[in-house]
Structure formats: C-alpha cells, structure tokens
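Only the coordinates and a few stated rules stand behind these numbers; no lab work does. Quick caveat: nothing in here was measured; it's all calculated off a predicted structure. Cβ placement follows ideal geometry from the backbone for every residue including glycine, while neighbour counts extend to all protein chains displayed.
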Amino acid sequence: MVLLEFSMSPLGKGESVGKYVSRSLDLIDKSGVDYRLNPMGTVLEGEWDDVFGVVRKCYERMKKDCNRISCTIKVDYRKGYKGRLSGKVASVEKHLKRRLKT
C-alpha cells in the first residue's frame, strides 16, 4: 500500500485559491480512495495506480482554467500494510501515552 501526500494549487489566481482546491477535494472524496485532508495538503492511501490516478484527475481538472499549477508529492510505500492513515498516528500516540491533535 502507498501513502501519498500531495498539495496542488494554481499560481496567478490571487491569494485565496480555496475555489480551486475544493474542486480537487470533491474529486478526491468521490474517488473511493481513503484520504485525510490537512491544512497543507491531502494524504491518500491505496494502490499506486489508484492514488496517482486521483492526483492525475485533480491535475486534469485544475489545468482546464489554470495556466500554471504548483504540485508537491511525497510517497511512502510499505508492503503488506493497510490502515496507515490512522495507524501511523496511533503508533506515535501509543508511545506518548496521549492523544495528539490531528
């Protein structure tokens, strides 16, 4: 399974780009891929082709009316493990013996 964290936003569309980012989140939410939104991006969990397919759909949608797009992607593959979106956080909380803000 792959954890993929990405952030994609248009350049040249002003300071507030929530209109464009929300369109990506609509695609992500409807994709069926497990995800977690955070203030600086989105983490997807799934098979390689599935998570990169979601990123591609977000890019294809954004490029329809954005002439320049910035995207950062970070990938973590670990064979045989599922549920890492919550499992990685739970592991750290277990070591600390307390809940953290997520």
Scalar couplings 3J(HN,Hα) for the stretch 14-29 by Karplus 6.51 cos²θ - 1.76 cosθ + 1.60 (θ = phi - 60°), nearest whole Hz, x for Gly and Pro, are x, 6, 9, 10, x, 4, 7, 5, 5, 5, 5, 5, 5, 4, 4, 4
When ILE69, ILE28 are ranked with the fewest other C-beta atoms within 10 Å first, the list becomes ILE69, ILE28
Output for the chain: trypsin sites (Lys or Arg not before Pro) sitting in coil per DSSP, at most 13 other Cβ within 10 Å, listed by number, reads LYS63, LYS64, ARG68, ARG78, LYS79, LYS82, LYS97, ARG98, ARG99, LYS101
Excluding residues fewer than 8 positions from LYS19 in its own chain, the lysines with Cα under 23 Å of it are LYS30, LYS57, LYS63, LYS64
Here the net charge surrounding LEU85, from other residues whose Cβ is less than 15 Å away from its Cβ (Lys, Arg +1; Asp, Glu -1), is -2
Length-normalised contact order of the chain, Cα under 8 Å, at least 6 apart, in percent, tallies to 42 percent
Of the candidates SER7, VAL51, TYR35, the farthest towards the positive dipole end of the stretch 2-96 (Lys/Arg Cβ +1, Asp/Glu Cβ -1, centred on the Cα centre) is SER7
Sparse-neighbourhood loop hits (chymotrypsin sites (Phe, Trp or Tyr not before Pro), the stretch 43-102; DSSP loop; Cβ within 10 Å at most 15 others) -> TYR81
Rounded to two decimals, the Rg over Rh value of the chain from Cα coordinates and the Kirkwood Rh reads 1.02
Relative to the chain, whose Cα atoms define the longest principal axis, helix 48-62 and its Cα axis are tilted in degrees, nearest 10, by 30 degrees
To the nearest 0.05, the calculated FRET efficiency linking ASP65 and LEU37 through their beta-carbon distance, R0 being 22 Å, is 0.50
About its Cα centre, the chain carries a charge dipole, from +1 on Lys and Arg Cβ atoms and -1 on Asp and Glu Cβ atoms, whose size in debye to the nearest 20 is 360 debye
